[in-house]
Amino acid sequence: MSYLDDLFGLKGKIAVVTGGGRGIGQVVAEGLAKAGAEIAIISRTGADETVKNIEAAGGRAYSLRADVTKENEVDTAFADVLKRSGAVDIVFNNAGICIHKSTLEASIAEWREVIDINLTGEYIVARAAGKIMIERGIKGSIINMASMSGTIVNVPQWQASYNASKAALIHLTRSLAVEWSPYGIRVNSLSPGYIATPMSVDTPQELKDAWMPLIPNHRMGKPEELIGAVIYLASAESGYTNGSDLIVDGAYHCQ
Ligand code: NDP
């Protein structure tokens, strides 16, 4: 085994990736597979392309359908993972949505939808994974997908529900890290800045033009630029990193 495999390799690990059918989840799932993990993808509409790409590259993956806001669907998906793979070592808790609307324009139903998927959904997934890890003595790693929006307030678009959901997710991460540290389970969050994915690529050009001068690196990030961060948080090398929020945003939050 090479030095880097020793530090960061995920061979023999079972990784669950929510929202791995497109965007960041797809790219990171493919990256985790290249690092050696077997991948179980959970999403509402399936992840055939991700599975095909992983298998074509010589990895192992399968897709399960579940809505992360529905506890029974998530429990069934995790039971399937146990049946097929026998363990849950890593969770990239990535499924999420964003609604750009001012607070007075957005409905309460829209607020609830964002909080339900981005916060309660990640809680339901982390809880299902934590239960398995605790019962089976698995010293796993859970990586919650937060955002720089959990730390800063984006402009010029308004997205109070998204910002609040991600700020709460960062503190949920710290809470679970402390609660589950006696079991050797680590819980960290990842907070990207603007990343070019279907969520942001469909964003009107004038909005993206307004973002550019505010990003010290003067560009959006690529999903590929998050693979290393997730592999680090998933691997043995981050054994003493717990309850942390890893910000990958081209220095946006520094201003
Ligand atoms: P995409 O819209 O490209 O992908 C979102 C994924 O989440 C899809 O695979 C979708 O699958 C899944 N998903 C959404 N709702 C649910 C649900 N209720 N149950 C199960 N799966 C669900 O988004 P991104 O890749 O851009 O974003 C991924 C994560 O990264 C999100 O949490 C987002 O907040 C975060 N993020 C994104 C940034 C960006 O600039 N793109 C910046 C910072 C953070 P399906 O519809 O099939 O269920």
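The values are calculated or read from the model by the stated rules, or taken from the named source; none is laboratory data. Owing to the predicted nature of the structure, the values given are computational and were not obtained by experimental measurement. In this analysis, Cβ positions are derived from the backbone assuming ideal geometry, glycine residues included, and neighbour counts consider all displayed protein chains. The accessibility values were calculated without ligands, DNA or RNA, using every heavy atom of the protein model including side chains. Shrake-Rupley method; radii C 1.70, N 1.55, O 1.52, S 1.80 Å.
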Condition check: basic (Lys, Arg), part of a loop (DSSP other than H, G, I, E, B) and either away from the ligand (no atom under 16 Å from the Cβ) or within 18 Å of Ala236 (Cα to Cα) (or both). Does Lys83 satisfy that? no
Which of the residues spanning region 204-247 are surrounded by fewer than 17 Cβ atoms within 10 Å (Cβ to Cβ) and within 11 Å of the ligand (Cβ to nearest atom)? Lys208, Lys222
If the requirement is being modelled with pLDDT of 95 or more, touching an Asp or Glu at 6+ places or on another chain (Cβ under 6 Å) and surrounded by 16 or more Cβ atoms within 10 Å (Cβ to Cβ), which of these qualifies: Leu64, Leu176, Leu172, Leu119? Leu64
Condition check for Lys131: open to solvent by 30 Å² or more (accessible area, probe 1.4 Å) and within 20 Å of Ala33 (Cα to Cα): no
In a helix (DSSP H, G or I), modelled with pLDDT of 95 or more and either more than 16 Å from the ligand (Cβ to nearest atom) or not small (Gly, Ala, Ser) (or both) - does that describe any residue in region 149-157? no
Out of the residues in region 16-46 meeting the condition of being of a type in the set (D, E, K, R) and more than 8 Å from the ligand (Cβ to nearest atom), tell me which one is surrounded by the fewest Cβ atoms within 10 Å (Cβ to Cβ). Lys34
